[in-house]
Amino acid sequence: MRRIAVFYTGGTLGMRASSNGLVPALDGIAERVARLAPPNVECAFEAFSPLIDSAAATPAHWERIACRLAALRDEFDGFVVLHGTDTLAWTAAALSFLLPGFGKPIVLTGAQKPFSIVGSDAPDNVADALAAACFMHLTEVTVAFGRRLWRGCRVRKHESLALDAFATPGLTPLAEFDPEVLWHAALWRVDTVPFSLRPFNPNLRVAMMMMSPGATVACLADMVERNKLDGLVLLSYGSGNTPDDPRLLAALARAIERGTVVVNVSQVWNGAVDMNAYATGSALAAIGVWSGGELTPEAAQTKLQILLSADYTPEQRRVHWISDWAGEGAPGLALLN
Ligand code: ASP
């Protein structure tokens with residue numbers, strides 16, 4: 001008998017209609033989930049209170065789930081987290097980074113249509129998540145969605161209505177459930193470190209800003225000047241370029257001098273940052289902006305917040321930033337040479 005803990009945090013999967021649109025609900029979700037468990041699997045169900053639309057999630061929400069997983073790690077063989085799709089990619093990345101060496105499957109899922117609606121994707125997604133959570137060799141955080149299993153720290157939502165809502169840019173799925181079940185175990189990560197829960201400060205101010213032509217540039221410079229941020233993820237163009245606007249560069253340089261860590265991540269779906277490719281990118285590198293390599297925006301923001309929560313020296317921060325934590329596509333140690 002395998003024991004799987006299921007945490008229900010909210011999201012469309014369990015929502016019901018209200019006069020203002022869909023709202024999170026508890027009705028019958030535990031029973032529906034239990035009916036989808038494979039033979040010889042016992043599910044323990046826990047609903048978070050309050051249930052939320054994941055659009056309301058904050059870093060404190062990531063911390064709460066991580067702490068609950070850590071507390072129950074020894075009691076269960078695998079874990080399933082039922083989550084809204086809107087910010088599922090941030091939570092999946094945060095859990096991937098917060099729980100190094102966890103050593104057991106943690107599978108997130110949700111749905112585009114509530115369980116109660118005919119044609120809902122919830123039954124397939126939950127059944128796939130439960131099946132994956134039974135695999136003791138799947139020792140990484142994953143997302144079961146759209147009949148595929150994805151790496152948690154690289155996943156992004158790319159459809160707001162279609163059922164195949166998630167994918168990992170540049171990385172094929174870790175398993176497929178349809179038309180036949182294929183476990184691509186050769187792609188799965190192997191834990192090499194003992195388990196720990198990384199320190200985390202949900203109150204650090206880590207923001208993300210997307211570059212666009214026009215007024216954004218001045219707004220961004222102004223925002224950086226006015227706010228004392230701990231970290232800033234710049235969503236740049238292409239290979240890591242921003243407009244070569246002197247106000248923006250000066251504002252970023254001042255923020256870096258004041259202690260803000262600024263990282264550069266491409267806004268392109270299959271993007272990777274190479275700040276030496278163009279003069280605009282190298283101007284950022286010259287003032288101390290860090291490359292985000294192939295990191296997704298969600299992975300960059302969560303990794304930066306977790307990195308800044310630790311008591312690291314500036315050099316240790318730099319080394320951790322470019323090091324691989326969970327297969328996220330970090331820039332790599334070559335950058336230090
Ligand atoms: N707004 C919902 C949420 O993220 C969307 C969903 O679950 O699909 O909770």
* To do: Have a look at ALA175, ALA129, ALA55 and tell me which one the Gaussian network model of the chain (Cα, springs below 10 Å) gives the largest fluctuation.
  => ALA55
* Structure fact -> Once the dipole of segment 199-332 is set up from charges on Cβ (+1 Lys and Arg, -1 Asp and Glu), the residue from the list THR260, TRP290, TRP321 lying farthest towards its positive end is THR260
* **segment 195-280: equivalent-ellipsoid semi-axes (sqrt of 5 x gyration tensor eigenvalues, Cα, Å)** => 23, 18, 11
* To do: Work out the length of the dipole vector of the chain about its Cα centre, built from +1 on the beta-carbon of each Lys and Arg and -1 on the beta-carbon of each Asp and Glu, and round it to the nearest 20 debye.
  => 460 debye
* Computed helical MRE - 222 nm, the chain, DSSP H runs ≥ 4 contributing -39500 (n - 2.57), nearest 500 -> -9000 deg cm²/dmol
* Asked: In the chain, what percentage of the DSSP-assigned beta bridges are antiparallel, given to the nearest 5?
  -> 30 percent
* **Cα-Cα separations in segment 1-76 greater than 17 Å, expressed as whole percent** => 52 percent
* Structure fact -> Rounded to the nearest 10, the angle in degrees between the Cα long axis of helix 216-226 and the longest principal axis of the Cα atoms of the chain comes to 90 degrees
* Structure fact -> Here the Cα Rg-to-2.2 N^0.38 Å ratio for the chain is 1.01
* To do: Return, for the Cα atoms of segment 37-89, the radius of gyration and Dmax in Å, separated by a comma.
  => 12.5, 36
* Kirkwood hydrodynamic radius of segment 125-272 from all distinct Cα pairs, in Å? -> 18.3 Å
* What's the Cα-based Rg to Rh of segment 217-260, Rh via Kirkwood? -> 0.94
* What number, in percent, do you get for the relative contact order of segment 219-337 if the mean sequence gap of Cα pairs under 8 Å and at least 6 apart is divided by its residue count? -> 24 percent
* Using the C-alpha gyration tensor of segment 97-185, what are the square roots of 5 times its eigenvalues, in whole angstrom, with the largest one first? -> 21, 14, 13
* Have a look at segment 183-337 and give its Rg and Dmax from the Cα atoms, expressed in angstrom. => 15.7, 51
* Structure fact -> For the chain, averaging the sequence separation of alpha carbon pairs under 8 Å that lie six or more residues apart and dividing by its residue count, the contact order in percent is 14 percent
* How big, on average over all directions, is the shadow cast by the Cα convex hull of segment 70-128, in nm²? -> 4.6 nm²
* To do: Write down, largest first, the equivalent ellipsoid semi-axes of segment 28-158 in whole Å, where each equals the square root of 5 times an eigenvalue of the alpha-carbon gyration tensor.
  => 20, 18, 15
* Cut-off 15 Å (backbone N to label point 7 Å along Cα→Cβ of GLU75), residues of segment 24-52 -> 42-48
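Taken together, the values in this text are just the output of simple stated rules run on the coordinates, not laboratory data. All of these numbers come straight from a predicted model, not from anything done at the bench. Ideal geometry is used to build each Cβ from the backbone, glycine not excepted, and the neighbour counts take in all protein chains shown.
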